[in-house]
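Reading through the C-alpha coordinates given below for one structure.
The values are calculated or read from the model by the stated rules, or taken from the named source; none is laboratory data. All figures in this text were calculated on a predicted structure; none of them were measured in a lab. Note: ideal-geometry Cβ built from the backbone for every residue, glycine included; neighbour counts use all protein chains shown. Just so you know, the surface numbers come from the protein's heavy atoms only, side chains and all, with ligands and any DNA or RNA stripped out. Shrake-Rupley method; radii C 1.70, N 1.55, O 1.52, S 1.80 Å.
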Amino acid sequence: MADVDIDVDDILTRLLEVRGCRPGKTVALSEAEILGLCVTSREIFNSEPILLEVPAPIKICGDIHGQYYDLLRLFEYNGFPPEHNYLFLGDYVDRGKQSLETICLMLAYKIKYPDKFYLLRGNHECASI
(Lines give C-alpha, C1' and ligand atoms only; values in the text may rest on other atoms or scores of the structure.)
Protein backbone atom coordinates (compact mmCIF):
# COMPACT_ATOMS: atom_id res chain seq x y z
CA MET A 1 0.00 0.00 0.00
CA ALA A 2 1.20 3.55 -0.67
CA ASP A 3 2.80 5.67 2.02
CA VAL A 4 0.23 7.34 4.22
CA ASP A 5 1.26 10.56 5.91
CA ILE A 6 -0.45 11.19 9.24
CA ASP A 7 0.22 13.56 12.11
CA VAL A 8 0.08 11.19 15.07
CA ASP A 9 0.64 13.98 17.59
CA ASP A 10 -2.36 15.91 16.26
CA ILE A 11 -4.51 12.77 16.28
CA LEU A 12 -3.48 12.01 19.86
CA THR A 13 -4.23 15.59 20.91
CA ARG A 14 -7.73 15.41 19.47
CA LEU A 15 -8.38 11.95 20.94
CA LEU A 16 -7.29 13.15 24.39
CA GLU A 17 -9.15 16.49 24.27
CA VAL A 18 -12.33 14.79 25.50
CA ARG A 19 -10.76 14.01 28.87
CA GLY A 20 -12.93 15.56 31.52
CA CYS A 21 -15.90 15.81 29.16
CA ARG A 22 -19.10 13.96 29.73
CA PRO A 23 -18.78 10.35 28.50
CA GLY A 24 -20.08 9.87 24.99
CA LYS A 25 -18.49 12.95 23.41
CA THR A 26 -17.13 11.76 20.09
CA VAL A 27 -13.83 12.62 18.42
CA ALA A 28 -13.82 13.66 14.75
CA LEU A 29 -11.19 11.82 12.73
CA SER A 30 -11.17 11.71 8.96
CA GLU A 31 -11.31 8.48 7.00
CA ALA A 32 -7.80 9.24 5.71
CA GLU A 33 -6.49 9.60 9.28
CA ILE A 34 -8.07 6.31 10.37
CA LEU A 35 -6.69 4.57 7.28
CA GLY A 36 -3.30 6.09 8.04
CA LEU A 37 -3.38 4.73 11.59
CA CYS A 38 -4.27 1.28 10.27
CA VAL A 39 -1.60 1.20 7.56
CA THR A 40 1.17 2.62 9.74
CA SER A 41 0.42 0.40 12.74
CA ARG A 42 0.18 -2.65 10.49
CA GLU A 43 3.76 -2.03 9.34
CA ILE A 44 4.85 -1.92 12.98
CA PHE A 45 2.93 -5.10 13.87
CA ASN A 46 4.39 -6.91 10.86
CA SER A 47 7.91 -5.94 11.93
CA GLU A 48 7.46 -7.36 15.44
CA PRO A 49 8.29 -10.97 16.24
CA ILE A 50 5.51 -13.47 16.87
CA LEU A 51 6.74 -13.93 20.46
CA LEU A 52 6.99 -10.53 22.13
CA GLU A 53 9.56 -9.90 24.81
CA VAL A 54 8.20 -6.96 26.75
CA PRO A 55 10.19 -4.83 29.19
CA ALA A 56 9.36 -4.90 32.90
CA PRO A 57 7.72 -3.23 34.68
CA ILE A 58 4.63 -3.24 32.51
CA LYS A 59 0.94 -2.54 33.08
CA ILE A 60 -1.23 -5.39 31.75
CA CYS A 61 -4.79 -4.55 30.69
CA GLY A 62 -7.55 -6.24 28.80
CA ASP A 63 -11.14 -6.22 27.59
CA ILE A 64 -11.70 -2.54 26.86
CA HIS A 65 -14.62 -3.42 24.51
CA GLY A 66 -15.03 0.09 23.12
CA GLN A 67 -15.40 1.73 26.53
CA TYR A 68 -13.37 4.79 25.53
CA TYR A 69 -13.85 6.76 28.72
CA ASP A 70 -12.86 3.75 30.80
CA LEU A 71 -9.65 3.57 28.76
CA LEU A 72 -8.97 7.26 29.37
CA ARG A 73 -9.64 6.77 33.07
CA LEU A 74 -7.25 3.82 33.12
CA PHE A 75 -4.51 6.05 31.72
CA GLU A 76 -5.39 8.86 34.13
CA TYR A 77 -5.03 6.55 37.13
CA ASN A 78 -1.94 4.66 35.95
CA GLY A 79 -0.14 7.25 33.82
CA PHE A 80 -0.26 7.95 30.12
CA PRO A 81 2.27 6.48 27.71
CA PRO A 82 5.25 6.78 27.61
CA GLU A 83 5.30 7.19 31.41
CA HIS A 84 4.65 3.44 31.74
CA ASN A 85 4.94 0.39 29.51
CA TYR A 86 1.57 -1.15 28.57
CA LEU A 87 0.48 -4.56 27.31
CA PHE A 88 -3.13 -4.87 26.19
CA LEU A 89 -4.53 -8.37 25.84
CA GLY A 90 -7.12 -7.71 23.15
CA ASP A 91 -10.84 -7.11 22.82
CA TYR A 92 -10.57 -3.39 22.10
CA VAL A 93 -13.82 -3.07 20.15
CA ASP A 94 -17.43 -4.25 20.30
CA ARG A 95 -20.09 -3.65 22.94
CA GLY A 96 -19.13 -0.05 23.77
CA LYS A 97 -20.38 2.91 21.79
CA GLN A 98 -16.91 4.29 21.09
CA SER A 99 -15.01 1.39 19.59
CA LEU A 100 -13.60 3.59 16.85
CA GLU A 101 -12.10 6.14 19.26
CA THR A 102 -10.79 3.30 21.40
CA ILE A 103 -8.92 1.47 18.66
CA CYS A 104 -7.67 4.73 17.13
CA LEU A 105 -6.15 5.81 20.45
CA MET A 106 -4.53 2.41 20.87
CA LEU A 107 -3.10 2.44 17.34
CA ALA A 108 -1.86 6.03 17.71
CA TYR A 109 -0.01 5.11 20.92
CA LYS A 110 1.42 2.02 19.22
CA ILE A 111 2.76 4.20 16.39
CA LYS A 112 4.13 6.88 18.74
CA TYR A 113 5.67 4.48 21.30
CA PRO A 114 6.20 1.10 19.58
CA ASP A 115 8.66 -0.12 22.23
CA LYS A 116 6.50 0.87 25.21
CA PHE A 117 2.97 0.04 24.02
CA TYR A 118 2.04 -3.51 23.03
CA LEU A 119 -1.24 -4.80 21.61
CA LEU A 120 -2.24 -8.44 21.30
CA ARG A 121 -5.13 -9.59 19.16
CA GLY A 122 -8.21 -10.71 21.02
CA ASN A 123 -11.14 -12.68 19.68
CA HIS A 124 -12.94 -9.41 18.85
CA GLU A 125 -10.17 -8.28 16.49
CA CYS A 126 -11.11 -10.28 13.44
CA ALA A 127 -12.16 -9.54 9.85
CA SER A 128 -15.88 -9.66 10.63
CA ILE A 129 -15.58 -6.94 13.28
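How long is the gain from D7 to K59 if the chain were fully straight, where each residue apart is worth 0.36 nm and the alpha carbon distance is subtracted?
Residue separation times 0.36 nm, minus the Cα-Cα distance, leaves 16.1 nm.
In whole Hz and in residue order, list the ³J(HN,Hα) couplings for the stretch 75-84 that follow from phi through the Karplus curve 6.51 cos²θ - 1.76 cosθ + 1.60, θ = phi - 60°; x for Gly and Pro.
Each residue's phi maps through the Karplus curve to give 5, 5, 6, 9, x, 7, x, x, 4, 9 Hz.
Working with all protein chains in place, sort F45, F75 by solvent-accessible area computed with a 1.4 Å probe, largest first. The partial results should precede the final answer.
Numbers: F45 65, F75 0 Å².
If we order F45, F75 from most to least accessible, we get F45, F75.
Out of every Cα pair in the stretch 1-71, what percent are spaced more than 17 Å from each other?
Details: 1555 of 2485 pairs.
Cα-Cα pairs in the stretch 1-71 separated by more than 17 Å: 63 percent.
Residue-wise, which Karplus ³J(HN,Hα) couplings in Hz belong to the stretch 64-74, taking 6.51 cos²θ - 1.76 cosθ + 1.60, θ = phi - 60°, and x for glycine or proline?
So the Karplus estimates, Gly and Pro as x, are 6, 6, x, 8, 4, 6, 5, 5, 4, 5, 4 Hz.
Under the rule of at least 5 residues apart or a separate chain, name every residue whose amide H is placed under 5 Å from the amide H of L87.
K59, I60, C61, Y118
Taking just the C-alpha trace of the chain, give me its Rg and Dmax in Å.
13.9, 39
Short version: ³J(HN,Hα) in whole Hz for each residue of the stretch 23-34, in order, from phi by Karplus 6.51 cos²θ - 1.76 cosθ + 1.60 (θ = phi - 60°), x for Gly and Pro, what are they?
x, x, 5, 8, 10, 8, 10, 7, 4, 5, 5, 5
Where does each of Y113, Y118 land when they are ordered by accessible area, with a 1.4 Å probe and the largest first?
Y113, Y118
Compare S47, S30, S41, S99 by solvent-accessible area with a 1.4 Å probe and give them largest first, with all protein chains kept in place.
My answer, sorted largest first, is S47, S30, S99, S41.
May I have the convex hull volume per residue, in Å³, for the Cα set of the stretch 42-112?
Taking only Cα atoms, the stretch 42-112 has a hull volume of 92 Å³ per residue.
Normalised radius of gyration for the stretch 23-64, please: alpha carbon Rg relative to 2.2 N^0.38 Å, two decimal places.
Numbers: Rg = 14.9 Å, N = 42, 2.2 N^0.38 = 9.1 Å.
That ratio works out to 1.64.
Dipole magnitude of the chain about its Cα centre, charges +1 at Lys/Arg Cβ and -1 at Asp/Glu Cβ only, in debye to the nearest 20? Don't jump to the answer; show the numbers that get you there.
Details: 13 positive and 20 negative charges, 104 e Å.
Once rounded to the nearest 20, the dipole reads 500 debye.
Tell me, what is the percent relative contact order of the stretch 16-116, built from C-alpha pairs under 8 Å that lie six or more residues apart? Kindly include the intermediate steps, with their values, before the conclusion.
Working: 111 pairs, mean separation 34.3, N = 101.
Worked out over the stretch 16-116, it gives 34 percent.
Would you mind putting 16-29, 80-93 in packing order, based on average other-beta-carbon counts within 10 Å, highest first?
Details: 16-29: 12.1, 80-93: 17.7.
In descending order of packing, they fall as 80-93, 16-29.
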